[in-house]
Amino acid sequence: MRDTKNGLTYAAAGVDIDAGNRLVDKIKPLVRATRRPGADGEIGGFGGLFDLKAAGFTDPILVAANDGVGTKLVIAIESGRHDTIGIDLVAMCVNDLVVQGAEPLLFLDYFATGKLDPDQGAAIVGGIAEGCRQAGCALIGGETAEMPGLYRDGDYDLAGFAVGAAERGQLLPTDDIVEGDVLLGLASSGLHSNGFSLVRKIVEVSGLGWQDKAPFAPDMTLAETLLEPTRIYVKSVLKAIRNTHGIKALAHITGGGFPENIPRVLPKDFAAELDLGSIDVPPVFSWLAATGGVAPEEMMRTFNCGIGMMIVVAGGQAAQVAAVLQEAGETVTPIGRIVPRRDTGVIYRGTIGL
């Protein structure tokens, strides 16, 4: 065997296995806190297990989604605030499941970094576990990758993977959407996790730093306001689906805003007519539009502008569905109706309050 004179190790190359083990020890209690029927195993195996029968399903269809949080990560990294970005990661995946009528069951994360900091990693996974608790799904595993040379020290990236289920025949959208159906909007918690490349450009133009007071929320720093985590709508929407049987379709308003996301759940012969004046636009969007000189149309195709989820319901059941959602903690606003489609899938009426 050739004599190795320099005695190189994996740690000398920049990968610290011991730091990875310390991270696993830190996050085990966080993972346990997300247990639910169907998932009660420990992390550390080669794969996570889930028992659909124990979760109460008889003839389920599985629904899967994956996503990240985009360049919102840059603000978390540069401001040193890592405890909520994991909630965003879960939200972006599980909100995509519930719009199809599926109950989120399990979640896995992928965390890649240049140099592993166990405390930073634990804060991130703590946010992921909190998101899973809000969604009612189990964090059954994940992957941590330390990759020096690909990421700078302190930088990291996240990806999430969620699986849910619905009983056969109960998936959304339904096939009975008709003219006159009502559109309900559920209020967002802020920017959620889309459009942050534009957000960061506008902040650069403004000359503000992440620790400066936010002009639209002077009791908070700019970083605190922009990192407000994405709202998770799972439990309230599932309650409305199951208690009313009146929801025909749901659209998660993410990248692409209103014009890209709403038509995805509508039959090709119908469009959504939005009453823009009915939307209560949070101050952060007005500040972004004014500071960046962003046109209303561009705002509505980049951001959620205050509506994180849109729901299609029959006119006669709109009040019942809204009442269940409000009781579950949502702010619900009638924002339009279904009309015959002509040239576009979304028709604007009035002016949005930017």
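The values are calculated or read from the model by the stated rules, or taken from the named source; none is laboratory data. Just so it is clear, the structure is predicted and the values come from calculations on it, not from any experiment. Here Cβ is always computed from backbone atoms with ideal geometry, including for glycine, and neighbour counts include all displayed protein chains. Keep in mind that these areas ignore ligands, DNA and RNA; they rest on the heavy atoms of the full protein, side chains included. Shrake-Rupley method; radii C 1.70, N 1.55, O 1.52, S 1.80 Å.
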Review point. Quick check, is residue 109 part of a helix (DSSP H, G or I) and under 30 Å from residue 170 (Cα atoms)?
Key: no
With the first residue restricted to the stretch 153-181 and required to be at negative phi and polar (S, T, N, Q), and the second required to be open to solvent by 10 Å² or more (accessible area, probe 1.4 Å) and at pLDDT 95 or above, Cβ contacts under 7 Å at 6 or more apart or on different chains are 170/101; 174/248
Apart from one, (1) hydroxyl-bearing (Ser, Thr, Tyr); (2) open to solvent by 40 Å² or more (accessible area, probe 1.4 Å); (3) part of a helix (DSSP H, G or I) all hold for residue 286; the odd one out is (2)
